[in-house]
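Engineer: Next up is a structure, given as structure tokens.
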Amino acid sequence: MDNNWQPDDFFSGDNDSPRVPSGESIIEPDSVTGHDGRTYHGYKQGKYFLPNDPAEQDRLDMQHANLTLLLEGKLACAPVYNPEWIMDVATGTGIWALDFARQNPHSKVVGSDLSKIQPDLETSVPNCEFIKEDAEEEWIYDHKFDYVHLRLCVSCFNDHRTVMKHAFDNLNPGGWIEYQDSTADPYRYLGTAEGSAFKRWADLFLSSGAALGRDMLVTNKYEGWLIETGFVDVVEKRLPWPLSPWPDNPRLREVGRFNRTTWPFMATRKILVSGSGLPEQQVDQIIADAKRELADVRNMFFVPFWIVYGRKPFDWEVKKLTANIEHTGENESGGERIAPVPDKSQGS
Ligand SMILES: C[S@@+](CC[C@H](N)C(=O)[O-])C[C@H]1O[C@@H](n2cnc3c(N)ncnc32)[C@H](O)[C@@H]1O
């Protein structure tokens, strides 16, 4: 094998350029063909805006390689130990679920998605199964989970809190939920993204998403919503996700090289076209300008990559916390007073 192998040798760096088929794509018979000639999920048609065709499946698999590198090989950042049941919500091609199952042969992994585009590897990876379901609908399982994983789901749900609540209800006490996600919120290592073509694309993406009822910056809200839902020990981390191979650090440079290929300009084109109402040619020009600018390493673009996780408390923790609040009006940490303040105007 050529020691100088780079992903760009196989993928030209343009999502819409001819690509080498992986030979592993799965045809989802339930798919519908969009106006753009790409296929989309047919079950709950129209709920999710990105395609499910072979090009998208390859992009997702490459993106998995990208993120595994970003996270230095870690599939999970939450402190999960020997989890029995794992749920990978919106699993895509199932590549994360399969890797997790292979690395944890004593765990059982379930991957759910609107599209059945995961390989049937029942024989080689018997501890991983996939189901077609909408994660916003009731989760019906005859067991609870110990770890729920959601990666790159920013554009997926009408109401992320519904999914968080399902996860909470379906986790064992002590179980963890983890989001690994990003936003089209561009930064430059040196200088500002303001006024750039990439920022113009990002702004159009955000406004088009909003027009279709999706908050593409919702990642900002995960931490607060996890706490509101009842999770404890909530941790939020933000990593820079380089979008071209500009960093000096070889690992991050490689991540940037992947991102030059896997950043979803073409996969999200439909969102821009249907959300903005702009003529397709104008949208294509905005994409082309942003792509050209992003590919130039001197521009040093990155977006935040978020890791947010939290734990479902044990029953004794909830009881102790409730008792403490009833007794002193203070929460466990002795911090903020949450008992009602007596109304002084009534006298004492
Ligand atoms: C950007 S892909 C991410 C896939 C995978 N998590 C990964 O990181 O490779 C989002 C996936 O979410 C799925 N999806 C979107 N909305 C969903 C929903 N309401 N319920 C279940 N899956 C959903 C899509 O079909 C798609 O496969």
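Engineer: Which condition does residue 311 not pass, out of (1) at pLDDT below 75; (2) closer than 30 Å to residue 145 by Cβ, if it passes all the others?
Structural biologist: With (1) at pLDDT below 75; (2) closer than 30 Å to residue 145 by Cβ applied to residue 311, the lone miss is (1).
Engineer: Hey, can you tell me all the residues within the stretch 121-142 that are outside any strand (DSSP E or B), in contact (Cβ under 8 Å) with a residue 12 or more places away in the chain and either hydroxyl-bearing (Ser, Thr, Tyr) or more than 14 Å from the ligand (Cβ to nearest atom) (or both)?
Structural biologist: 121, 125, 127, 141
Engineer: Kindly provide the set of residues from the stretch 80-95 that are within 16 Å of the ligand (Cβ to nearest atom) and either of a type in the set (D, E, K, R) or out of contact with any Gly (no Cβ under 6 Å at 6 or more places or on another chain) (or both), ordered by number.
Structural biologist: Going residue by residue through the stretch 80-95, those that are within 16 Å of the ligand (Cβ to nearest atom) are 86-95.
Within the stretch 80-95, 86, 87, 88, 89, 90, 92, 93, 95 qualify.
Engineer: Here is a follow-up. Could you count how many residues in the stretch 215-229 are buried (at least 17 other Cβ atoms within 10 Å of the Cβ) and hydrophobic (A, V, I, L, M, F, W, C)?
Structural biologist: Filtering the stretch 215-229 for residues buried (at least 17 other Cβ atoms within 10 Å of the Cβ) gives 216, 218-219, 222-223, 225-226, 229.
Adding the requirement that they be hydrophobic (A, V, I, L, M, F, W, C) leaves 216, 218, 225-226.
Adding up the residues that qualify gives 4.
Engineer: Search the stretch 96-120 for residues being of a type in the set (S, T, N, Q) and not in a loop (DSSP other than H, G, I, E, B), and hand back the single one that is farthest from the chain's Cα centre (by Cα).
Structural biologist: Applying the filter and picking the extreme gives 103.
Engineer: Given 192, 162, 183, which one is surrounded by fewer than 16 Cβ atoms within 10 Å (Cβ to Cβ) and within 15 Å of the ligand (Cβ to nearest atom)? Spell out how you get there, then give the answer.
Structural biologist: On the way: 192 fails: within 15 Å of the ligand (Cβ to nearest atom); 183 fails: surrounded by fewer than 16 Cβ atoms within 10 Å (Cβ to Cβ).
On inspection, the qualifying residue turns out to be 162.
Engineer: Residues in the stretch 231-251: is at least one closer than 30 Å to residue 166 by Cα, over 16 Å from the mean Cα position of the chain (by Cα) and buried (at least 22 other Cβ atoms within 10 Å of the Cβ)?
Structural biologist: yes
Quick grid of which residues meet (1) closer than 17 Å to residue 181 by Cβ; (2) within 10 Å of the ligand (Cβ to nearest atom):
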site: 116; (1), (2): no, yes
site: 119; (1), (2): no, no
site: 144; (1), (2): no, no
site: 151; (1), (2): yes, yes
site: 171; (1), (2): no, no
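Engineer: Right, here's the next one. Could you tell me whether the stretch 280-293 includes any residue that is outside any helix (DSSP H, G or I) and without any contact (Cβ under 8 Å) to a residue 60 or more places away in the chain?
Structural biologist: First, pick out the residues of the stretch 280-293 that are outside any helix (DSSP H, G or I): none.
Looking through the stretch 280-293, none of the residues is outside any helix (DSSP H, G or I) and without any contact (Cβ under 8 Å) to a residue 60 or more places away in the chain.
Engineer: Among the residues of the stretch 25-38, is there at least one that is within 11 Å of the ligand (Cβ to nearest atom), touching a strand residue (DSSP E or B) at 6+ places or on another chain (Cβ under 6 Å), of a type outside the set (Val, Ile, Thr) and more than 30 Å from residue 311 (Cβ to Cβ)?
Structural biologist: Yes, the conditions are met somewhere in the stretch 25-38.
Engineer: Further, regarding this structure: So is residue 255 surrounded by fewer than 22 Cβ atoms within 10 Å (Cβ to Cβ), modelled with pLDDT of 95 or more and under 11 Å from residue 243 (Cα atoms) or not?
Structural biologist: Spelling it out, it is not the case that residue 255 is surrounded by fewer than 22 Cβ atoms within 10 Å (Cβ to Cβ), modelled with pLDDT of 95 or more and under 11 Å from residue 243 (Cα atoms).
Engineer: Which members of the stretch 96-109 meet the condition of being within 12 Å of the ligand (Cβ to nearest atom) and among the hydrophobic types (A, V, I, L, M, F, W, C)? Before the answer, list the steps.
Structural biologist: Looking only at the stretch 96-109, we keep the residues that are within 12 Å of the ligand (Cβ to nearest atom), and these are 96-100.
Result: 96, 97, 98, 100.
Engineer: Additional query: For the stretch 243-266, what are the residues that are within 16 Å of the ligand (Cβ to nearest atom) and of a type outside the set (Val, Ile, Thr)? Give the derivation first.
Structural biologist: From the stretch 243-266, those within 16 Å of the ligand (Cβ to nearest atom) are 255, 258-259, 261-266; that's our starting set.
Result: 258, 259, 263, 264, 265, 266.
Engineer: List pairs: first in the stretch 83-97 and closer than 18 Å to residue 141 by Cβ, second among the acidic types (Asp, Glu) and more than 6 Å from the ligand (Cβ to nearest atom), Cβ under 8 Å, 6+ apart or cross-chain?
Structural biologist: Short answer, once both residue conditions are applied: 83/146; 84/146; 85/146; 86/146; 94/88; 97/88.
Engineer: Name the residue that is farthest from the ligand (Cβ to nearest atom), counting only residues in the stretch 53-74 that are part of a loop (DSSP other than H, G, I, E, B), over 29 Å from residue 161 (Cβ atoms) and of a type in the set (D, E, K, R).
Structural biologist: 72
Engineer: Is it the case, given these coordinates, that residue 220 is polar (S, T, N, Q), within 17 Å of the chain's Cα centre (by Cα), at pLDDT 95 or above and over 26 Å from residue 34 (Cβ atoms)?
Structural biologist: Criteria met by residue 220.
Engineer: Continuing with this model, one more query. Of the residues 156, 77, which single one is more than 13 Å from the ligand (Cβ to nearest atom) and of a type in the set (A, V, I, L, M, F, W, C)?
Structural biologist: On the way: 156 fails: more than 13 Å from the ligand (Cβ to nearest atom).
Result: 77 is the single residue among 156, 77 that is more than 13 Å from the ligand (Cβ to nearest atom) and of a type in the set (A, V, I, L, M, F, W, C).
Engineer: If you don't mind, another one. Suppose we filter the stretch 100-112 for residues that are crowded, with 17+ Cβ neighbours inside 10 Å and without any contact (Cβ under 8 Å) to a residue 40 or more places away in the chain; how many remain?
Structural biologist: 8
Engineer: Something else: Conditions: (1) closer than 25 Å to residue 243 by Cα; (2) in contact with a helix residue (DSSP H, G or I) (Cβ under 6 Å, 6 or more places away or on another chain). Residue 77 meets all but one. Number of the miss?
Structural biologist: Evaluating residue 77 over (1) closer than 25 Å to residue 243 by Cα; (2) in contact with a helix residue (DSSP H, G or I) (Cβ under 6 Å, 6 or more places away or on another chain) leaves (2) as the failure.
Engineer: Give the residue, chosen from 244, 155, that is in contact (Cβ under 8 Å) with a residue 60 or more places away in the chain, outside any helix (DSSP H, G or I) and small (Gly, Ala, Ser).
Structural biologist: 155
The values are calculated or read from the model by the stated rules, or taken from the named source; none is laboratory data. Everything quoted here is computed from the prediction, not taken from an experiment. All Cβ positions, even for glycine, are placed from backbone atoms using ideal geometry, and neighbour counts span all protein chains on display.
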